[in-house]
Structure formats: C-alpha cells, structure tokens
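What follows is calculated from the coordinates using simple rules that are stated; it is not laboratory data. None of the values given here were measured: they were computed from a predicted structure. Note that we place each Cβ from the backbone using ideal geometry, even for glycine, and neighbour counts take in every protein chain shown.
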Amino acid sequence: MAFNISAHPTLEFALKPLKEALDGLPELPYRTTVHTDQGFQYQHKQWQKTLKTHHTFQSMSRKATCLDNAAMESFFHLMKAEMMDEHFENSESLAQAMTEWIEFYNNRRIRTKLKGKSPVQYRELANQLAA
C-alpha cells in the first residue's frame with residue numbers, strides 16, 4: 001500500500017504512490033485492479049501506461065457516483081472523524097499527522113471485517129493463499 005500527500009493534485013503526485021504500490025506487489029495468479037475517481041491524473045496516458053506495464057486493470061468511478069468508490073469514501077470519513085479535534089500549526093504538521101494515521105490504519109488497526117487483522121495483514125494472508 002502506498003500514498004502521497006500534497007497541497008496540489010499533479011500527475012507526479014498520483015504516479016509516485018502508484019508505482020510504489022505496484023512495484024511492491026508479488027506475482028499473483030489473478031488480475032490486479034486499481035480503482036480511482038475520474039481525476040485528470042487518472043485519465044492521463046502516463047498513468048494508463050504505468051498500469052499496463054504492471055499488467056494492472058483500471059477501474060474508474062462513474063461521474064458524481066461516490067458509491068462506486070465507497071471503500072475510499074469510508075476511509076477518508078474515518079480519518080476526518082478521528083482527526084477532527086486536533087489542531088495543526090501548519091500544513092507540514094497536518095501531513096505528518098495524516099501519515100501517522102494512515103500508517104496506523106494500514107498496519108495496526110484491527111478490523112472485524114478482516115477477521116481481526118489489519119488491512120496489510122489481511123492482504124498478506126490473501127496473497128499467501130493465492131500463491
């Protein structure tokens with residue numbers, strides 16, 4: 001799993017975590033899919049070329065249909081709700097707090113839906129079972 005934080009959405013902003021995530025995936029017997037909204041960076045030829053190079057399928061939300069991306073909408077809702085009471089002196093301290101929260105969510109936060117595992121632990125288990 002990978003992410004990036006920036007004040008401005010750019011193609012480079014989107015490509016960096018995509019490449020990190022795809023480079024970190026093991027060889028799997030099933031198709032990998034990346035789902036996004038319809039942001040300009042996800043429609044760019046370089047984004048599509050990166051996906052194709054990694055044999056990854058692109059799935060994109062329909063316009064104005066947040067339910068297509070419900071998992072990420074839920075993730076950001078949780079992050080906002082859990083960080084809402086904090087005060088940040090500047091954008092750097094906000095970015096640091098977001099980085100720490102995402103690391104906690106991915107690696108240490110146990111989810112009942114994921115059989116008592118964190119998202120990273122569950123992904124690793126799924127990869128082992130698929131191998």
(message) If you filter the range 67-131 for chymotrypsin sites (Phe, Trp or Tyr not before Pro), then keep DSSP loop positions with at most 15 other Cβ within 10 Å, what is left?
(response) Phe88
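Going by the alpha-carbon gyration tensor, a ≥ b ≥ c the square roots of its eigenvalues, is the chain rounded (a/c under 1.5) or, if a/c is not under 1.5, prolate (a/b greater than b/c) versus oblate?
oblate
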(request) Please work out how many pairs of lysine residues in the chain are eight or more positions apart (or on different chains) and have Cα atoms closer than 19 angstrom. (result) 6
(message) List the chymotrypsin sites (Phe, Trp or Tyr not before Pro) within the range 1-34 that DSSP assigns to loop and that have no more than 12 neighbouring Cβ atoms inside 10 Å.
(response) Tyr30
(request) For n ≥ 4 DSSP H runs only, could you compute -39500 (n - 2.57) per run for the chain, divide by its residues and tell me the 222 nm figure to the nearest 500? (result) -16000 deg cm²/dmol
(request) Please build a GNM for the chain, connecting alpha carbons under 10 Å apart, and tell me which residue among Asp68, Asp85, Asp37 fluctuates the most. (result) Asp85
